[in-house]
Each structure stands twice: as C-alpha cells, then as structure tokens.
C-alpha cells in the first residue's frame, strides 16, 4: 500500500482502543499484513495490532492490505479501477513524537503548503497532473496576498515553484509535522491530501476525473473535479485531461481564499 492507503487505514481504526478496547488487525483473518510503509504511518498508534500479535483476544480484523483495498477493484481488461461508491474515507491519525512535533514548528504557522508533483513513475500520473504552470500561477497570487507558501522538494520531484520556499524534510513524518502547522494544503489527490486530513489541515484538492471525492475525499477540504465523473483509468486518459483542464487557476485561488477565511 502507498502512504495514502496507510493513512486511510488509520482512519478505519480510529477510536478502536479508546472506545471499544479493541485492536484493529489489517490482514486476511489469519496473518496481519503490513508492508514497507506500514510502520512509518502506524508507529505508536494504540488502535492497531502489529504483525506477531495475531493471537490477541481483542482483535477486529479488516481485510485491507496490499493487493486488497476496500475502496476499489481492478478491472484489468479495461485498465481501470472500479470504485466502491459505498466507501467513505475518514480522516486518519498519525501519532508524532514530541520531537517530531517540535521540528514541525520550525516554519511557524499560517503558511500554505502547495504540492504540484505527481509521482512520474506511476502510470496514472498524467491523469492527476494539473500542471506546474498552473500551480505557479496560484503561488503568484497567494504571494501577492502576502501569504507564505512552502513546497516540499524531492530528489525525484518536479520543478521548484518561484516564490515558494523549498523545504527538504527528514522524511514523510517530518512533512506531516510541518503540514500540521499549515493553514492550508493545495495539491492533487494523494498521500499529502490524506496527510492534511490526518493532521486537521484544510485543503484544496485537485481530483479531476480519476477518482471520486466521495470515496477518498474529505468534507473539510474543497475537492475539485472539473465537473467530471471519475473513470478510474490508470493509463493516460483524454477524459481525465479534459477534467483537469476544466479546473481553472481562478477556481483554485478562490477556493484557497475561502478556506483561509479571506474575501473572494
């Protein structure tokens, strides 16, 4: 599972221990199945059982793991995901250490995090990429309003945006700690939009026509689709391109101002 999948998993488990004295086991009912990203997100989460704890008497099993996700199924013949429209993502939880929280405060508060980058190695990337030039136009407008804009930088990431403060983090948890201090997140549907929800940060999320906000979106965010129905295509798709192109810079900028409590 990706980082976003892990964050959604913590939303499924939210409150299990405090409310029911239960531990959620993600697996097949016999074996708890974590992957390479699990500990990064699940660390210190009191609601979750770890691999090796399969014999605990207080387990609640959820069949959610790499290769089996509740929110979709693979239509391989048509090279697309079929979305489970009965699924609703709940904001996740990340239990940061005191040191991680302190480090996350190093840029203060009341800044905007903007994420133009979609992992280029994923076949779905073109269907989620709004375009660096449009993100740049949003940065220009926010900077003109006197707002501080941060952009996380990656070795394999896209171009740095002019006027945005480039930030190299110590890892994804550090990025979440910073995101938790932000006034707003702007970017595509993906790991950081799930992270923003988990950290209680408002968002403007560009969904386009790939996945429906009713499945992986959050009520506290403004979720933009360009008016398209989600097709689920995980190969480059003209429908998804049209949907993304229908989302204007002005729409994103106005949504950001509304989320920030500024006049539009």
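Computed from the coordinates by the stated procedures, all read-outs in this text should not be read as laboratory data. None of these values were measured; they are calculated from a predicted model. Cβ sites come from the backbone with ideal geometry, for glycine too, and all protein chains shown count toward neighbours.
Summary of computed values
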item: Sequence ranges 204-211, 168-175, 221-228, ranked by mean other-Cβ count within 10 angstrom, highest first; result: 204-211, 221-228, 168-175
item: Fraction of antiparallel bridges per DSSP, the chain only, in percent to nearest 5; result: 25 percent
item: Potential lengthening between residue 160 and residue 35 on full extension [0.36 nm per residue; Cα-Cα distance subtracted]; result: 41.9 nm
item: Simple label model, 7 Å out from Cα along Cβ direction - residue 17 to residue 75, nm; result: 4.1 nm
item: Cα centroid of the range 165-211 to Cα centroid of the range 60-101, whole Å; result: 17 Å
item: Stretch gain in nm, segment residue 90-residue 110, where the contour uses 0.36 nm per residue and the Cα spacing is subtracted; result: 4.7 nm
item: The chain: calculated mean residue ellipticity at 222 nm from DSSP helix runs of at least 4, using -39500 (n - 2.57); result: -8000 deg cm²/dmol
item: Simple spin-label estimate for residue 61 and residue 82 in nanometres, 7 Å along Cα-Cβ; result: 2.4 nm
item: Selected from 159, 91, 126 as most flexible by GNM, with the chain as the system and alpha-carbon contacts under 10 Å; result: 159
item: Two-site label geometry, residue 43 and residue 102: point separation in nm, points 7 Å out along Cα→Cβ; result: 1.6 nm
item: Principal axis dimensions, largest first and in whole angstrom, of the chain by Cα; result: 57, 48, 34
